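The values are calculated or read from the model by the stated rules, or taken from the named source; none is laboratory data. Please read all numbers here as calculations on a predicted model, not as lab measurements. Cβ coordinates were reconstructed from backbone atoms using ideal geometry, including for glycine residues, and neighbour counts include every protein chain displayed.
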């Protein structure tokens with residue numbers, strides 16, 4: 001019975017600790033998801049910082065008036081140099097200017113890419129973020145898109161002319177690998193940390209449970225020895241004083257007569273019963 005209760009107690013403790021560890025792991029995943037949202041906002045803010053700054057440095061009147069034959073003109077070269085500065089000094093893939101033609105039709109105007117630049121008037125892949133920027137709201141793609149140059153997340157910012165009218169859009173392409181690494185990296189670190197802590201926690205719980213179980217088992221063994229010694233003591237008292245079996249049985253019935261201890265086979269109950277027996281026998285010896 002005692003071993004059964006001990007196993008039940010240990011099983012209950014293990015279940016409770018497992019639940020706590022699962023809750024801890026759940027909190028970790030929740031925090032990781034929150035961290036991902038925060039990092040996504042931060043990454044997109046950094047992307048927009050690039051396009052917003054580039055848009056503020058471009059002459060909107062010059063951008064609006066550009067035509068395909070203006071490639072050698074001073075105004076085209078000025079815009080090209082401005083974009084080239086960001087191309088060479090910012091961790092991005094491509095940066096270029098876009099013109100809204102109509103509806104969902106957008107074209108390249110200035111592209112400083114050194115190898116295989118887009119031609120003036122070449123079609124740009126439409127995205128909702130691009131459309132937002134063309135209507136005055138700087139925006140970043142929620143999902144990656146693919147064009148002839150690869151797969152990207154892009155940031156877009158409007159360029160204004162001297163009358164405050166939208167003259168074009170500056171776009172900056174960031175590779176999907178860069179974006180996902182920047183957004184997901186912190187989330188992965190948090191999840192890895194919580195998984196590691198959970199594994200360590202499970203190991204500690206297992207080690208502590210085994211240690212406690214061994215201590216309880218050792219204590220139970222010592223208690224069995226004590227109960228056996230009390231029985232030997234009982235027989236010794238009977239033999240020494242030549243008491244009849246009836247007298248010894250009477251003492252035993254007194255030691256077992258406590259209602260609070262009756263039927264209590266827990267370790268605590270057995271220890272109290274052993275103390276009660278010893279007290280009664282000591283009292284008996286004092287009376288002799």
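Anything in region 156-171 that is surrounded by 24 or more Cβ atoms within 10 Å (Cβ to Cβ) and over 17 Å from residue 104 (Cα atoms)? List them, or say none.
The one that is surrounded by 24 or more Cβ atoms within 10 Å (Cβ to Cβ) and over 17 Å from residue 104 (Cα atoms): 159.
Is one or more of the residues making up region 22-37 assigned to a helix (DSSP H, G or I), modelled with pLDDT of 90 or more and in the same structural domain as residue 147 (by TED's automatic domain parsing)?
No; the residues of region 22-37 include none that is assigned to a helix (DSSP H, G or I), modelled with pLDDT of 90 or more and in the same structural domain as residue 147 (by TED's automatic domain parsing).
Tell me the residue from 181, 189 that is under 30 Å from residue 141 (Cα atoms) and at pLDDT 75 or above, please.
After applying the criteria, what remains is 181.
For the structure I just gave you, tell me whether residue 116 is over 30 Å from residue 185 (Cα atoms) and in contact with a helix residue (DSSP H, G or I) (Cβ under 8 Å, 6 or more places away or on another chain).
No: the conditions fail for residue 116.
If the requirement is being at pLDDT 75 or above and either over 21 Å from residue 181 (Cβ atoms) or not assigned by TED's automatic domain parsing to the domain that holds residue 108 (or both), which of these qualifies: 7, 81, 45?
After applying the criteria, what remains is 81.
To keep it simple, each residue is scored yes or no on (1) surrounded by 15 or more Cβ atoms within 10 Å (Cβ to Cβ); (2) assigned to a helix (DSSP H, G or I); (3) over 60 Å from the mean Cα position of the chain (by Cα); (4) at pLDDT 75 or above.
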position	(1), (2), (3), (4)
200	no, yes, no, yes
212	no, yes, no, yes
225	no, yes, no, yes
240	no, yes, yes, no
248	yes, yes, yes, no
260	no, no, no, no
269	yes, yes, no, no
276	yes, yes, no, yes
285	no, yes, yes, no
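Sort out which residues of region 134-146 are out of contact with any strand residue (DSSP E or B) (no Cβ under 7 Å at 6 or more places or on another chain), over 20 Å from residue 63 (Cα atoms) and assigned to a loop (DSSP other than H, G, I, E, B), and write them in order of number.
Scanning region 134-146 gives 142, 143.
Yes/no matrix, rows are residues, columns are (1) out of contact with any helix residue (DSSP H, G or I) (no Cβ under 8 Å at 6 or more places or on another chain); (2) assigned by TED's automatic domain parsing to the domain that holds residue 170; (3) without any contact (Cβ under 8 Å) to a residue 40 or more places away in the chain; (4) surrounded by 12 or more Cβ atoms within 10 Å (Cβ to Cβ):
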position: 68; (1), (2), (3), (4): yes, yes, no, no
position: 74; (1), (2), (3), (4): yes, yes, yes, no
position: 77; (1), (2), (3), (4): yes, yes, yes, yes
position: 85; (1), (2), (3), (4): yes, yes, yes, yes
position: 101; (1), (2), (3), (4): yes, yes, yes, yes
position: 107; (1), (2), (3), (4): yes, yes, yes, yes
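Of all residues in region 121-133, which are surrounded by fewer than 19 Cβ atoms within 10 Å (Cβ to Cβ) and not in a strand (DSSP E or B)?
Across region 121-133, the qualifying residues are 121, 122, 125, 126, 128, 131, 132.
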